[in-house]
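The values are calculated or read from the model by the stated rules, or taken from the named source; none is laboratory data. Since we're looking at a predicted model, the values are computed, not measured. Here Cβ is always computed from backbone atoms with ideal geometry, including for glycine, and neighbour counts include all displayed protein chains. Side chains are part of the model used for accessible areas, which takes the heavy atoms of the whole protein and leaves out ligands, DNA and RNA. Shrake-Rupley method; radii C 1.70, N 1.55, O 1.52, S 1.80 Å.
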Amino acid sequence: MSAESTPEPGISGGSGTTGPRHRAKGRRRKPRGKRKGVLIMAWTAAGIVVLGGTGAGYLYFKLNGNIKSVDIDSALGTDRPTKVDNGSENILVLGSDTRAGSNKKLGGGVDDGSARSDTAMIVHVYKGHKKASVVSIPRDTIIDRPECTDTKGDTHDAADGVMFNSAYSTGGAACAVKTVESISGIRMDHYLEVDFSGFEKLIDELGGVKVTTTKNIDDPDSHLNLKAGPHTLTGEQALGLVRTRHGVGDGSDLGRIQLQQAFIKALINQVKNINLFGSGTKLYDLANTATKAVTTDSDLGSVNKLMSFASGLKGISSSNMHMVTMPVQYDPADPNRVIVEETKAKQVWTALENDKAIPKSATEGTATGEADGVVSTS
């Protein structure tokens, strides 16, 4: 997505924010220019499985200093959805496109000190921690952002008709969580954020991730050129894959979400199939990379807590992970934006609130990309 087509964070009335908004089915988004860097929950899942899947937890207390944490609960206060005590957990996983530090080289663009949440996923872990549902929230969704207070204590006004990813750029993690809870009506129990320099390093330390592509993918903007067939993706290639939007399919963010979801499953399979106990040095390197690149809520802000949390997730395989995109339709006022399909989205949120499977009807007839099946596990 070009900078020119992105409304300023927190300002109502940017591109796609005027005119009536009615649901429009079957409308394809026009391909657009380079989108700033995207970060996904995939390597975070791998990282916490790496930490939680080992019996040598004592080695990682020294890694506590790597982990950055934010006190989301204090910032949000008590005006939040009620925690449903049914054994399930909801984790908001964000990826930001900051241009600071080593991310500037990877993502390109100007380091202006700002960041947007290019990727957002609600990971719902069901009671028993044997299966999960993942709901991707398109960053281009037009929403009404609630008033929120960031972790510095600064209050940010509500704004109508703005892009979803403006919540993070306006008030950071706390405002992103507040906005997701406002959209879904579901309380987020935890928050995780990753950066893509750590993503690239982790993939390389894992020895790459095996995937098969059914079509050629060629995107100079994300530095990715893959012929159809099997591949063991390097960190740089994996980063290009989860960032590409017009290298394959219809050039939409919805198509890119499909690529991301397929890659997550491949990554989870990769982590589960490698011998993490074979090399203490490799295991430490993986844990070191994971803890350096992750930011968590304060409840997970130590290696001990992160390991305890992760130990409850390591039994979830890719086959027991149901991935969907929040039901949306293309905005009739701007085909480069989407709006929430409220009736169907309600089915998703009700299912998660009650720890039930998301019904198939919730995503039937909604807007989708054209990259489904392009990437699969080798």
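Going by the alpha-carbon gyration tensor, a ≥ b ≥ c the square roots of its eigenvalues, is the stretch 296-378 rounded (a/c under 1.5) or, if a/c is not under 1.5, prolate (a/b greater than b/c) versus oblate?
Since a/c reaches 1.5 and a/b is larger than b/c, the shape of the stretch 296-378 is classed as prolate.
Check LYS215: other-chain or 5+ apart residues with amide H under 5 Å from its amide H, H built from backbone geometry?
For LYS215, whose amide H was placed from the backbone, the distant partners under 5 Å are GLY229.
Order GLU364, GLU341 by their accessible area, 1.4 angstrom probe, all chains in place, largest first.
GLU364, GLU341
How big is D for the stretch 230-334, in µm² s⁻¹ as a whole number, if Stokes-Einstein is applied with the Kirkwood radius of its Cα pairs at 4 °C and 1.567 mPa s?
78 µm²/s
Calculate, in nm to one decimal, what ASP285 and ASN354 gain on full extension: separation in residues at 0.36 nm each, minus their alpha carbon distance.
Extending this stretch completely gives an extra 20.9 nm.
Calculate, for LYS210 and GLU342, the FRET efficiency according to 1/(1 + (r/R0)^6) with r their C-beta to C-beta distance and R0 56 Å; round to the nearest 0.05.
Working from the Cβ atoms, E equals 0.90.
Using θ = phi - 60° and the Karplus relation 6.51 cos²θ - 1.76 cosθ + 1.60, list the HN-Hα couplings for the stretch 227-244 in order, rounded to whole Hz, with x at every Gly or Pro.
7, 4, x, x, 8, 10, 6, 6, x, 5, 5, 4, 4, x, 5, 7, 9, 5
Keeping all protein chains in place and using 1.4 angstrom, which order do SER317, SER88 fall into by accessible surface area, from largest down?
Final ranking, largest accessible area leading: SER317, SER88.
Could you pull out every residue, at least 5 positions away or on a different chain, whose amide H is within less than 5 Å of the one on SER69? Hs are placed 1.01 Å off N in the peptide plane, and Pro or chain starts have none.
Here the answer is THR296, since their amide H atoms fall under 5 Å of that of SER69.
Highest mean first, how do 308-314, 141-147 rank when packing is the count of other Cβ atoms within 10 Å averaged over residues?
Going from most to least packed, we get 141-147, 308-314.
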